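The values are calculated or read from the model by the stated rules, or taken from the named source; none is laboratory data. Quick caveat, the model's predicted, so the values are computed rather than measured. Cβ atoms come from the backbone with ideal geometry, glycine included; neighbour counts cover every protein chain shown.
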């Protein structure tokens, strides 16, 4: 099986309708360095990324096509940044029986996701920090062990670093909240109508971000310091994009665009619990966490090793006034990292600089 794994067909995937994540960047590395020829990348033909990857010489598979099923059946290895059933359970529970599954991850795990990850057969999984690695390998909640989990960093970090040298930063405040599991069901899927349930409008999520985006205080900061706000909803919340109203100097950008481009352009990030903060921290730029009170746990995971107060890369704000104050302080300080958080940035960046060899480690496994 080991020899088959190395010489057989490898199938890569990010989301089936979106690329530009770890699978794309690892595929590109393998292709550009001519490490293996029998590789395919899964992507819907309607995706905005499809023409770009096709022009770059990617061998693309449209999901659910006859060729997709044939190649997937013949493949010896599935390499993905997501654990999606269309890919991992397409032939039922035995889909991965004669295949290796390499989980590249979509971000950095900071919470306990054992109840989710334990559902899947994972042969290799990448992690980015020592704390993340330890929280999985030395946690009895997880079925994974040091035999499967590797401390390598993420393939997209290298691409992000390169892109940051090519893209000039601008006076942009990037607002990127993560999703809420309890609110994702706000769309009436049976009738395929964009029908928003009252529960969404009554949620603290909607109320707080609506107030933030339409606040006079945020507008005044933008006018005073010549800043612009870009608002990006999580992939899982895109159905709600038309429910938000935007004031002047605020632009909505779909998450389907090049996220790395906007991470490089922005000077400040406001998020809540999104792991995108690690990408922004990798670029050594200031972050504000917005943790307003919510009536219930609206996420699907439970807390893990990561404490935003002790491990986070910026101030945790519970109310809007704290955000306005912190935002103005950061701008006045020319977006330099506060001394309080500088060591946390350095530790994270140092860890991933050491893990530059991530591709070399992967090469060692694969070849």
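Give me the helices (runs of 4 or more DSSP H) completely within segment 43-110, filtered to those with at least 1 residues that are outside the structural domain of residue 254 (by TED's automatic domain parsing), touching a residue at least 40 places away in the same chain (Cβ under 8 Å) and closer than 19 Å to residue 31 by Cβ, ordered by residue number. Qualifying helices (runs of 4 or more DSSP H): 66-74.
Could you tell me how many of the residues in segment 201-226 are in contact (Cβ under 8 Å) with a residue 60 or more places away in the chain, within 27 Å of residue 331 (Cα to Cα), in contact with a helix residue (DSSP H, G or I) (Cβ under 7 Å, 6 or more places away or on another chain) and surrounded by 19 or more Cβ atoms within 10 Å (Cβ to Cβ)? Of the residues in that region, 4 qualify.
Only one entry in 282, 301 is in contact with a strand residue (DSSP E or B) (Cβ under 6 Å, 6 or more places away or on another chain), crowded, with 16+ Cβ neighbours inside 10 Å and modelled with pLDDT under 95, namely 301. Condition first: outside the structural domain of residue 307 (by TED's automatic domain parsing), in a loop (DSSP other than H, G, I, E, B) and modelled with pLDDT of 90 or more. Can you find one or more residues in segment 148-156 that meet it? Scanning segment 148-156, I find at least one residue that is outside the structural domain of residue 307 (by TED's automatic domain parsing), in a loop (DSSP other than H, G, I, E, B) and modelled with pLDDT of 90 or more, so the answer is yes.
Yes/no matrix, rows are residues, columns are (1) under 23 Å from residue 263 (Cβ atoms); (2) buried (at least 19 other Cβ atoms within 10 Å of the Cβ); (3) within 22 Å of the chain's Cα centre (by Cα):
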position: 21; (1), (2), (3): yes, yes, yes
position: 25; (1), (2), (3): yes, yes, yes
position: 28; (1), (2), (3): yes, yes, yes
position: 32; (1), (2), (3): yes, no, no
position: 35; (1), (2), (3): no, no, no
position: 41; (1), (2), (3): yes, yes, yes
position: 54; (1), (2), (3): no, no, no
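Only residues that are in contact with a helix residue (DSSP H, G or I) (Cβ under 8 Å, 6 or more places away or on another chain) and surrounded by fewer than 19 Cβ atoms within 10 Å (Cβ to Cβ) were counted across segment 64-75, and they come to 1. Quick check on residue 313: is it surrounded by 21 or more Cβ atoms within 10 Å (Cβ to Cβ), assigned to a loop (DSSP other than H, G, I, E, B) and at pLDDT 90 or above? The answer is yes for residue 313.
Selection within segment 325-340: residues that are modelled with pLDDT of 95 or more and assigned to a helix (DSSP H, G or I). The member of this set that is farthest from residue 267 (Cα to Cα) is 325. Screening residue 169 with (1) part of a loop (DSSP other than H, G, I, E, B); (2) at pLDDT below 95; (3) under 30 Å from residue 292 (Cβ atoms) gives one miss only, at (2).
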